[in-house]
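The structure appears right after this line, and notes come after that.
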Amino acid sequence: MEECISVFDMLKIGVGPSSSHTLGPWRAAERFLQELKENQTLELVNYIKVNLYGSLSLTGKGHATDLAVMLGLSGQDPEYIPVENIDKIINDINTQKVLHLGKQTTVPFFPEEDIIFNRNFLPFHANGLTFTVFLLDDTEYSSTFYSIGGGFVVKEERNNAKKKHKIKCAFPYPIQNAEELLNYCNTLNKSISEVVFENEKAMRTEEEIHNELMRIWNTMLECMYIGCHSEGILPGGLNVRRRAFDMHQNLIGELPYNSPQEWLEVIRKTEVKFRQILKWVSCFALAVNEVNASLGRVVTAPTNGSAGVIPAVLMYYMVIENHQAGEKEIKQFLMVAGEIGSIFKKGATISAAMGGCQAEIGVSSAMAAAALCEVMGGTPDQVQMAAEIAMEHHLGLTCDPIGGLVQIPCIERNTMGAIKAINAAELALETDAKNAKVPLDKVVNTMWKTAQDMNSKYKETSEGGLAVTVNMADC
């Protein structure tokens, strides 16, 4: 089966803190509403119940899965909802005990009773959720969805249908693995970003591609800006103090600016000493994931939990490596990153509930390393080597969030993933690709095998690692 995954599938704008536990369930709720509309049963709903299974249940509270379900059923769009409105919408549901389904019909809703957290896992995927509506004519209708990572949502029956009927990808250069991508680059004498661009043109106009890539970048930039200018304690009970604010203040001083774009130019003009480079990269990554942890707007890259790596590395390139970099380089960077992410999704997983944090921070680091390598002049072979190096040194990384919150160790891990990405790109650029010992496809396959061997308590269940050795009450 040829799977056609766009850059815009891998880099999606949404609300934190988790793409699989927040954005995915939110999108699943939207799809369920659409089913009700298609069945002409939305106006007949008497009441509704939602069952969360497996990892969605075990870490659902910390990942705001219940809030995402309520927002999705209310007809809110995670890409465009003013994030400052979220608290009021949720508070109204909790106090009024009603849900405005799809903004069309009102039904009674008691969140503590009508959202059910089941610890058992459904066999198809670790992140399952079932919506059931009870209709006025005494019948009921249920539908089950699976949030498979990165905001992607599937239904089991649809996935089985794909297996039976091979679906042809619309891209002129369909890519299932790194070897196929490299073959296209060599045959066409094009860079990875150029091959990706040709594929994207099969689905969108050049203007649409340009506008959407820049919208993604501007969302990333705004997210870093907000994170660097927000202080206080993150929500959730761990009492985690935001660090990006203080770090940013110490780095930038009193220089004036009035917008994210002006801020970027100010940083570019700031004299950055060698030992400050790592601080800036860490600051950018911290900023994004502190915004993510507070239900702010981020870009899945490839997930919300790893959303800080790619923006931080792209900012590093723009403020340290190339002050002249502009829209051309930004688009090039994002297209390469998206393509490398899609290769991991096709050959392994980008879901921490399936593969641990190697599937999130590891993949994002590989995406960022590859993108940085190309914009710094790397060949397609070196770009793939950079991705391989970055992932190789994340293999086996577990997902063990304390309290199920995307805070400890998740926020810091983004800084580590960004630094490793830069290191991997530099190593690849200094290496003759002919001497590469581990092809990218081999490390993708290794990551998937490692994921399958990993104990389930280290896969976003908060049943192992730091999640059990550190008590929330001690934080």
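The values are calculated or read from the model by the stated rules, or taken from the named source; none is laboratory data. This one's a predicted model, so the numbers in the text were calculated from it and none came from an experiment. Because the Cβ atoms are built from the backbone with ideal geometry, glycine has one as well, and the counts that use them run over all protein chains shown.
Here is the figure for segment 133-154: residues that are at pLDDT 95 or above, in a loop (DSSP other than H, G, I, E, B) and over 26 Å from P108 (Cβ atoms) total 0. Note on segment 259-271: among residues that are modelled with pLDDT under 95 and not in a helix (DSSP H, G or I), the one that is nearest to the chain's Cα centre (by Cα) is T270.
Could you tell me whether any residue of segment 324-332 is part of a helix (DSSP H, G or I), of a type in the set (A, V, I, L, M, F, W, C), free of Cβ contacts under 8 Å to residues at least 24 places away in the same chain and surrounded by fewer than 24 Cβ atoms within 10 Å (Cβ to Cβ)? Even if it seems obvious, please write down each step before you answer.
Here is the first cut: in segment 324-332, the residues part of a helix (DSSP H, G or I) are 327-332.
Cutting the leftovers down to of a type in the set (A, V, I, L, M, F, W, C) gives us 330.
Remaining after also requiring free of Cβ contacts under 8 Å to residues at least 24 places away in the same chain: none.
No, there is no match, as no residue in segment 324-332 is part of a helix (DSSP H, G or I), of a type in the set (A, V, I, L, M, F, W, C), free of Cβ contacts under 8 Å to residues at least 24 places away in the same chain and surrounded by fewer than 24 Cβ atoms within 10 Å (Cβ to Cβ).
Listed conditions (1) surrounded by 24 or more Cβ atoms within 10 Å (Cβ to Cβ); (2) in the same structural domain as F134 (by TED's automatic domain parsing); (3) among the hydrophobic types (A, V, I, L, M, F, W, C) are all met by L11, apart from (2).
Tell me, which helices (runs of 4 or more DSSP H) lie completely within segment 63-115 with 1 or more residues that are over 27 Å from the mean Cα position of the chain (by Cα) and over 18 Å from F32 (Cβ atoms)?
On the way: elements: 65-73, 86-96, 111-114.
Result: 86-96, 111-114.
Within segment 343-394, restricting attention to residues that are charged (D, E, K, R) and over 9 Å from A424 (Cβ atoms), the residue that is surrounded by the fewest Cβ atoms within 10 Å (Cβ to Cβ) is K346.
Can you find even one residue in segment 273-296 that is free of Cβ contacts under 8 Å to residues at least 60 places away in the same chain, of a type in the set (F, W, Y) and either within 22 Å of V383 (Cβ to Cβ) or not assigned by TED's automatic domain parsing to the domain that holds E206 (or both)? Looking through segment 273-296, none of the residues is free of Cβ contacts under 8 Å to residues at least 60 places away in the same chain, of a type in the set (F, W, Y) and either within 22 Å of V383 (Cβ to Cβ) or not assigned by TED's automatic domain parsing to the domain that holds E206 (or both). Which one of these does K437 not meet: (1) in a helix (DSSP H, G or I); (2) free of Cβ contacts under 8 Å to residues at least 12 places away in the same chain? The single condition K437 does not satisfy is (1). Against the conditions (1) more than 23 Å from I13 (Cβ to Cβ); (2) aromatic (F, W, Y); (3) within 20 Å of the chain's Cα centre (by Cα), Y184 satisfies every one except (3). It is to be established whether one or more residues within segment 222-238 are farther than 22 Å from M416 by Cα, part of a helix (DSSP H, G or I), out of contact with any Gly (no Cβ under 9 Å at 6 or more places or on another chain) and among the acidic types (D, E). The answer is no; no qualifying residue exists. Filtering A170, A178, A202 for residues that are crowded, with 20+ Cβ neighbours inside 10 Å and either over 22 Å from V375 (Cβ atoms) or in contact with a Leu (Cβ under 8 Å, 6 or more places away or on another chain) (or both) leaves a single hit, A178. Of the residues making up segment 291-323, those that are assigned to a loop (DSSP other than H, G, I, E, B), of a type in the set (V, I, T) and over 18 Å from G150 (Cβ atoms) number 0.
If you go through segment 125-160 and keep only what is buried (at least 18 other Cβ atoms within 10 Å of the Cβ) and hydrophobic (A, V, I, L, M, F, W, C), you end up with A126, L129, F131, V133, F145, I148, F152, V153.
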